[in-house]
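Let me begin by presenting the structure, written as structure tokens, before commenting on it.
The values are calculated or read from the model by the stated rules, or taken from the named source; none is laboratory data. Please read all numbers here as calculations on a predicted model, not as lab measurements. Every residue, glycine among them, receives a Cβ derived from its backbone with ideal geometry; neighbour counts consider all protein chains shown. Surface accessibility is based on the protein's heavy atoms, side chains included, excluding ligands, DNA and RNA. Shrake-Rupley method; radii C 1.70, N 1.55, O 1.52, S 1.80 Å.
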Amino acid sequence: MHVPDGFFDAPTSVVTGAVAAVGVGVALRRARAELDDRTAPMAGLVAAFVFAGQMINFPVGAGTSGHLMGGALAAVLVGPWTGALCISVVLLVQALFMADGGLTALGTNITLMALVGTFVGYGVFRLALLVLPRRRSSVPPAAALGALVSVPATAVAFTLLFAVGGTADVAFGKVLAAMLGWHLVIGIGEAVVTGLVVSAVLTSRPDLVYGARGLTARRPLVTGEVAA
């Protein structure tokens, strides 16, 4: 999903750079309401985990591989605004020191993965919680669903940008079919990783999971004999 230099024309890169700058600026302000002295270190851990996770590629077939995007995971753990900042920092470090995504495409990558991926994933997560029972055990499956949807949603956003400012002459339908097809498969891996990580953190430190705030723990079953 990392967009390299030269993949989009200059006007498209400038526009997505402006969108990314505004999005990050708003996130910097809004993240203050999501973090406190206890949860702020969690944001650093989340960014480090996503950075490491994006270094691991898993095969999805036909010579194609995928990796963790992490937007939905970060949003559920530390909040959507802080999550967007975490992904943005990861993308900045990768562009500067690892040539993973180009500097001229940094705004595009932040727009796609840090903004679209994070907020679509968190939005789906919140919608899922409206349907599922309001308890902490609903958080991991809701997070997994948000992660699953966030990946193809980001792929669709990429395809729309490519149709507007892509530098290669490829039909829109072909790009959409290729991106959406493979990223649906990649989304399954994203969902599995997100669900497992959220479940693990929720088990050990539920107080640190932003998406679980206000939800009750599952109550143990008490039989009449035990109660007596």
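Couple of notes before you dig in:
- Hits in the stretch 195-228 - residues which are open to solvent by 80 Å² or more (accessible area, probe 1.4 Å), aliphatic (A, V, I, L, M) and at pLDDT 60 or above: 196
- Answer from 46, 15, 22, 3 - the residue that is touching a helix residue (DSSP H, G or I) at 6+ places or on another chain (Cβ under 9 Å), open to solvent by 20 Å² or more (accessible area, probe 1.4 Å) and either assigned to a helix (DSSP H, G or I) or at pLDDT below 95 (or both): 15
- Within the stretch 150-185, considering residues that are open to solvent by less than 50 Å² (accessible area, probe 1.4 Å), within 20 Å of residue 5 (Cβ to Cβ) and β-branched (Val, Ile, Thr), the one farthest from the chain's Cα centre (by Cα): 175
- Residue list for the stretch 185-206, filter: touching a residue at least 12 places away in the same chain (Cβ under 8 Å) and over 19 Å from residue 50 (Cβ atoms): 185, 206
- In the stretch 127-149, the qualifying residues are those that are among the β-branched types (Val, Ile, Thr) and over 13 Å from the mean Cα position of the chain (by Cα), and the one that is nearest to residue 6 (Cα to Cα) is 139.
- Selection over the stretch 125-144 of residues that are surrounded by 23 or more Cβ atoms within 10 Å (Cβ to Cβ) and not aromatic (Phe, Trp, Tyr) gives a count of 5.
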